[in-house]
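Everything on this sheet refers to the single structure shown next.
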Amino acid sequence: NALFDFEAPKKEWDVIYYGDNRASFREQQIRKYMPNGEKNLLIGYKTKKVDVSFEKKMEHSVLLDTISKSKASLIIGDEEHLDNVITYRFYETMASDCLAAIQIEYDPKMELIQDPVLREKLYVKSSKDVQNLVASYSDDLIARQKKELKNIFDRLDITFKIN
């Protein structure tokens, strides 16, 4: 059994968001969904409108490690991509040890997530919903999320590897 024992990454952050500050729409979404607090982190996206920790952009491998050291990662999209594009960020988070906090406008018909427990938890409409998702973080939800990603890839007929 010891061969298969492993420790999940220690959670340093409650909520993270990483990306560029491209336009006012993105700023509005960050303000709507990102809870205030020093246990929340913006990476590469600097704003004075939300009181959270900030780190400069990081190499992708370091970013992936940081995602897994977080309980939830915001999945928000540009206005023109809402309800019509699945971003790499979605897949990246779904495959991690971090819950995907999916902005409801990203997938308003809630078609991406079929698991009823995850549908109830992962789709968020406010920063309060994101805080509730963080509070419900569990190994069971992570396992469900990874299984859901496999199901998504099966539906899309995509070959993949989940860590």
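The values are calculated or read from the model by the stated rules, or taken from the named source; none is laboratory data. Since the model is a prediction, treat every value here as computed from it, not as a measurement. Neighbour counts run over all protein chains shown; Cβ positions are idealised from the backbone, glycine included. Note: accessible area is taken over every heavy atom of the protein model, side chains too, but ligands, DNA and RNA are not part of it. Shrake-Rupley method; radii C 1.70, N 1.55, O 1.52, S 1.80 Å.
Which residue fluctuates the most in the chain, going by a Gaussian network model with Cα springs under 10 Å, if the choices are Y33, Y17, Y137?
Greatest mean-square fluctuation among the candidates belongs to Y137.
Per the 1.4 Å probe, what fraction of the accessible area of the stretch 13-163, in percent, lies on carbon and sulfur atoms?
Taking all protein chains in place, the stretch 13-163 shows 48 percent carbon and sulfur surface.
Would you please give the residues with an amide H less than 5 Å from that of L99, counting only those at least 5 places away or on a separate chain, with H modeled from the backbone geometry?
Distant-sequence amide H within range of L99: A72, S73.
Which residues make up the longest stretch of the chain clear of trypsin sites (Lys or Arg not before Pro) that lie in a DSSP loop with no more than 13 other Cβ atoms within 10 Å, not counting the sites?
Answer from the scan: 58-108.
Between exposed GluC sites (Glu not before Pro) in the chain, where DSSP calls loop and at most 11 other Cβ atoms lie within 10 Å, what's the longest gap?
Maximal segment without exposed cleavage sites: 112-163.
Students often get this wrong, so check it: of K49/K146; K11/K57; K49/K147; K32/K147, which have C-alpha atoms separated by over 25 Å? Numbers along the way, then the final one.
Details: K49/K146 33 Å; K11/K57 20 Å; K49/K147 36 Å; K32/K147 29 Å.
Too far apart for the 25 Å limit: K49/K146; K49/K147; K32/K147.
Can you tell me which lysines have their Cα less than 16 Å from the Cα of K109? Leave out same-chain residues fewer than eight positions away.
The qualifying lysines are K121, K125.
What percentages make up the Cα-Cα pair-distance distribution of the chain when the bins are 5 Å wide from 0?
2, 9, 19, 23, 22, 15, 8, 2, 1, 0, 0
Would you kindly derive the ³J(HN,Hα) couplings of the stretch 118-127 from the backbone phi angles with the Karplus curve 6.51 cos²θ - 1.76 cosθ + 1.60 (θ = phi - 60°), listing them in order in whole Hz, with x for Gly and Pro?
5, 4, 5, 8, 6, 6, 10, 10, 6, 5
Using the heavy atoms of the protein chains and a 1.4 angstrom probe, tell me the accessible area per residue for the chain in square angstrom.
Details: 9290 Å² over 163 residues.
Result: 57 Å² of accessible area for each residue.
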